[in-house]
1. Touching a helix residue (DSSP H, G or I) at 6+ places or on another chain (Cβ under 9 Å), more than 20 Å from N151 (Cα to Cα) and assigned by TED's automatic domain parsing to the domain that holds D173, is that true of H226?
2. I'd like the full set of residues that are aliphatic (A, V, I, L, M) and either assigned to a helix (DSSP H, G or I) or modelled with pLDDT under 95 (or both), limited to the range 170-194.
3. So is A297 within 27 Å of K216 (Cβ to Cβ), buried (at least 22 other Cβ atoms within 10 Å of the Cβ) and modelled with pLDDT under 90 or not?
4. Just to be sure I understand, how many residues within the range 78-100 are closer than 25 Å to H286 by Cα and crowded, with 22+ Cβ neighbours inside 10 Å?
5. Looking at the range 195-208, can you tell me whether even one residue there is hydroxyl-bearing (S, T, Y), outside any loop (DSSP other than H, G, I, E, B), touching a helix residue (DSSP H, G or I) at 6+ places or on another chain (Cβ under 8 Å) and at pLDDT below 95?
6. Filter the range 77-134 down to the residues that are without any contact (Cβ under 8 Å) to a residue 12 or more places away in the chain and in a loop (DSSP other than H, G, I, E, B), then identify the one that is farthest from C23 (Cα to Cα).
7. Among (1) part of a helix (DSSP H, G or I); (2) within 29 Å of R46 (Cβ to Cβ); (3) out of contact with any Asp or Glu (no Cβ under 8 Å at 6 or more places or on another chain), there is one condition I316 misses while meeting the rest; what is its number?
8. Tally the residues that are farther than 12 Å from N155 by Cα and modelled with pLDDT of 90 or more, restricting the search to the range 280-292.
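The values are calculated or read from the model by the stated rules, or taken from the named source; none is laboratory data. In this text, all values refer to a predicted model and were calculated from it rather than measured experimentally. Virtual Cβ from ideal backbone geometry, glycine too; neighbours counted across all protein chains shown.
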Amino acid sequence: MKKTIAFMIGDPAGIGPEISVQCLSDYKISDNIRILLIGDRFSFDRAQDIKGTKLEVEDVSDENMDRATGKFLFYNVPVAGVQKIPFGIVSAAAGGCVYESLNKIMTFIDDGKVDGFVFAPFNKEGMKMGGCPYSSELEMFKDHFNRQDVNGEINYLAPMWTNRVTSHIAVKDIASFIKKDRVLRSILFLNGEMKRFGVENPRIAVSALNPHGGEKGLFGTEEIDHIQPAVEAAAKEGVNVTGPYPADTIFLRVKKGEFDGVISMYHDQGQVATKLIGFDSGVTIHGGMPVAIATCAHGTAFDIAGSGQARPNALIEALKVVLSSVEGQG
């Protein structure tokens, strides 16, 4: 039986459709995989013209999708009210298309129709304007799939994995969230997801919160009271984890190959490092969901949308990550 990967082409006003068609043209997908493209068909065809590609796509609907035989299927979610969305403009029409597409894909996941999910970038403000009540797709996934225990996204930059104890919260509130149970849960979560995606024995390092690891309580005790106890508890559960290490040097050690994954304490502590190391190839993984879900770590690049300049490197990496999980299931 072929495995099916849902592939949302992203915001019609951004580079999503362009890098989607280029990704699927450039990367050879095995014969036991088929791709279910989802989004605005007009925007997809426009992107093919811009990129000079021609994928053989079979149009499907709820009624005939189970009978489809093509390698590339397309489920059309048209932009409401207009046909041609202008490039580079945030709009409720484009955002509504994305929101409806995500809802449809979650239904397909519920029904067991797809085995993995890749999506091109979209604009969160536009999705909000289009009727989405959530601040991000992650909150949408967490609510729909009942995974409120997931703290945040996983970021992957081959071969490095990162996850964080806190994500989209104010800097002034970070310390109040650094508790043993939350740190422990983050360690166990990253360890489990890395194994899910094919890393057999993940070597995980945990970052400190305070400068120089708090200097043994000289400026901050979170390391002593919460982070170190969480590391010790995870190690007792069989996780190959050490720390906490000062955050300003830990990524240098990862680059040297000492560790496979890092638990950071807050968003920018991990994100600044990974984006400096390889912004164009970074992948965001929404772990803990019923199927593997990944996207490129960059945004919609409205400034170059429609020009054909956008490259699909990170989206290809996201596709590879999802395929590694799906094909590993046999």
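1. So H226 does not fit the description; no.
2. Residues satisfying the conditions are A170, V171, I174, A175, V183, L184, I187, L188, L190, M194.
3. No.
4. Residues in the range 78-100 being closer than 25 Å to H286 by Cα and crowded, with 22+ Cβ neighbours inside 10 Å: 5 in total.
5. Within the range 195-208, none of the residues are hydroxyl-bearing (S, T, Y), outside any loop (DSSP other than H, G, I, E, B), touching a helix residue (DSSP H, G or I) at 6+ places or on another chain (Cβ under 8 Å) and at pLDDT below 95.
6. This residue is P133.
7. (3)
8. So the count comes out to 5.
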